[in-house]
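**Student:** Take a look at the following structure, please.
The values are calculated or read from the model by the stated rules, or taken from the named source; none is laboratory data. Quantities reported herein were computed from a predicted structural model and do not represent experimental measurements. Neighbour counts are summed over all protein chains in view; Cβ atoms, including those assigned to glycine, are modelled from backbone coordinates with ideal geometry. All accessible areas refer to the heavy atoms of the entire protein, side chains included, with ligands and DNA or RNA removed. Shrake-Rupley method; radii C 1.70, N 1.55, O 1.52, S 1.80 Å.
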Amino acid sequence: DNVRILHQVLVIGKLSTRSMASKTPVGFIGLGNMGSPMAKNLLKNGYPVIATDVFPQSCKELQDTGAQVVDSPADVAEKADRIITMLPSSPNVIEVYTGPNGILKKVKKGTLLIDSSTIDPAVSREMAVAAEKKGAVFMDAPVSGGVGAASMAKLTFMVGGVVEEYNAAKELLTCMGANVIYCGQVGTGQAAKICNNMLLAIGMIGTAETMNLGIRLGLDPKLLAKILNMSSGRCWSSDTYNPVPGVMEGVPSANNYQGGFGTTLMAKDLGLAQNTATNTKTPVPLGSLAHQIYRVMCSRGYANKDFSSVFQFLREEDGQ
């Protein structure tokens with residue numbers, strides 16, 4: 001019996017060693033506020049990470065947690081056949097994939113490329129065509145959830161791409177997120193993300209206006225929030241992320257609008273929604289107005305504050 005148990009232990013030991021060995025390196029490009037915690041979660045799950053970023057400090061921080069750092073996206077593509085990118089905007093994505101030191105300069109046939117940046121769906125489709133010419137597969141997988149969710153591996157990924165590659169992408173994305181949702185062909189992940197963020201902006205402005213009006217009418221903000229949250233006006237901005245300082249703890253409004261999702265990023269996402277609405281001849285009157293409000297906020301000193309600071313902005317506007 002003891003011999004049999006020992007044999008089972010050895011077999012199990014071999015299997016677990018083999019499963020660890022099967023975790024081939026994953027490339028990661030873009031180690032900003034979101035990319036850095038995402039890459040760390042891959043490392044925590046036993047994946048060797050080969051990374052690069054234009055900022056050496058970001059690279060050093062990840063290197064200290066066990067990643068291998070290389071000089072360019074092309075170098076990453078040389079060493080890894082699964083690569084995740086997390087970049088600020090469409091031009092950055094175009095540069096990282098198709099630039100002189102880009103991924104596609106040295107990409108290996110069969111490489112899986114997953115872009116978690118939030119960009120124009122048309123750019124995602126362009127990158128997919130360029131990747132296909134090199135024998136690689138490109139998928140868009142933008143995220144919802146912000147820096148906190150990135151750190152705790154609780155992001156939501158919206159994935160667009162060929163369905164046959166979805167499971168391979170999901171294996172990596174589940175290390176970094178709690179929800180991974182297949183949306184359809186390349187570009188549909190981006191479409192879902194920018195639609196969500198347009199509604200989020202409209203909801204946040206509506207909540208800020210409502211709270212401001214209630215306060216001017218003499219209502220206690222905590223009481224008003226409580227009433228809204230048990231009534232038909234309830235929304236995520238009112239019950240989870242209230243923009244009024246002192247109403248909720250643990251949200252940016254309780255911390256002088258630091259952290260969270262920056263006004264600049266919201267303005268960028270609303271710009272993407274505006275472009276796609278124009279291209280598809282879709283009327284988005286509230287989306288357009290939200291875009292203008294966040295653009296004005298960027299020029300009035302709110303660029304680096306959380307997007308819920310629209311409450312503060314509206315109070316100042318009214319006070320002038």
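**Student:** Pick from Gly246, Gly271, Gly30: which residue has the top mean-square fluctuation in a GNM of the chain where Cα pairs under 10 Å get a spring?
**Tutor:** Gly246
**Student:** At 1.4 Å probe size, what's the solvent-accessible area of Met139? Round to the nearest 10 Å².
**Tutor:** 0 Å²
**Student:** Here's a follow-up. Report the net charge of residues surrounding Leu200, where surrounding means a beta-carbon distance below 13 angstrom and charges are Lys +1, Arg +1, Asp -1, Glu -1.
**Tutor:** -1
**Student:** Specify the residue with the greatest mean-square fluctuation among Gly177, Gly145, Gly189, computed from a Gaussian network of the chain linking alpha-carbon atoms under 10 Å apart.
**Tutor:** Gly145
**Student:** Hey, another quick one. Taking amide H positions as placed in the peptide plane 1.01 Å from N, state which residues far from Gly184 in sequence (5 or more) or on other chains have amide H under 5 Å from it.
**Tutor:** Gly161
**Student:** I want the antiparallel fraction of DSSP beta bridges within the chain, as a percent rounded to 5.
**Tutor:** Antiparallel: roughly 15 percent of the beta bridges in the chain.
**Student:** Continuing with the same structure: How large is the Rg to Rh ratio of the chain when both quantities use alpha carbon positions and Rh follows Kirkwood?
**Tutor:** Across the chain, the Cα-based Rg/Rh ratio is 1.05.
**Student:** Sticking with this structure for a sec: Can you check how the C-alpha radius of gyration of the stretch 209-296 compares to 2.2 N^0.38 Å, as a plain ratio?
**Tutor:** 1.27
**Student:** Another question, then. Across the stretch 68-174, what fraction of all alpha-carbon pairs, as a whole percent, falls in each successive 10 Å bin from zero upward?
**Tutor:** 15, 49, 33, 3
**Student:** Right, here's the next one. In whole angstrom, and with the biggest value first, how far do the Cα coordinates of the stretch 149-250 range along each principal axis?
**Tutor:** That works out to 58, 25, 19 Å along the principal axes.
**Student:** Nearest-5 percent of antiparallel DSSP beta bridges in the stretch 89-198?
**Tutor:** Here the share of antiparallel DSSP bridges comes out near 25 percent.
**Student:** Where in the chain lies the longest segment free of trypsin sites (Lys or Arg not before Pro) that are both loop residues by DSSP (not H, G, I, E, B) and have at most 11 other Cβ atoms within 10 Å?
**Tutor:** Value returned for the longest uninterrupted segment is 110-280.
**Student:** With 32 Å as the limit, write out which pairs from Lys79/Lys305; Lys40/Lys108; Lys44/Lys105; Lys226/Lys281; Lys40/Lys109 have Cα-Cα distances beyond it, or answer none.
**Tutor:** Lys79/Lys305; Lys226/Lys281
**Student:** Taking the solvent-accessible surface of protein heavy atoms with a 1.4 Å probe, what is the per residue accessible area of the chain in Å²?
**Tutor:** 50 Å²
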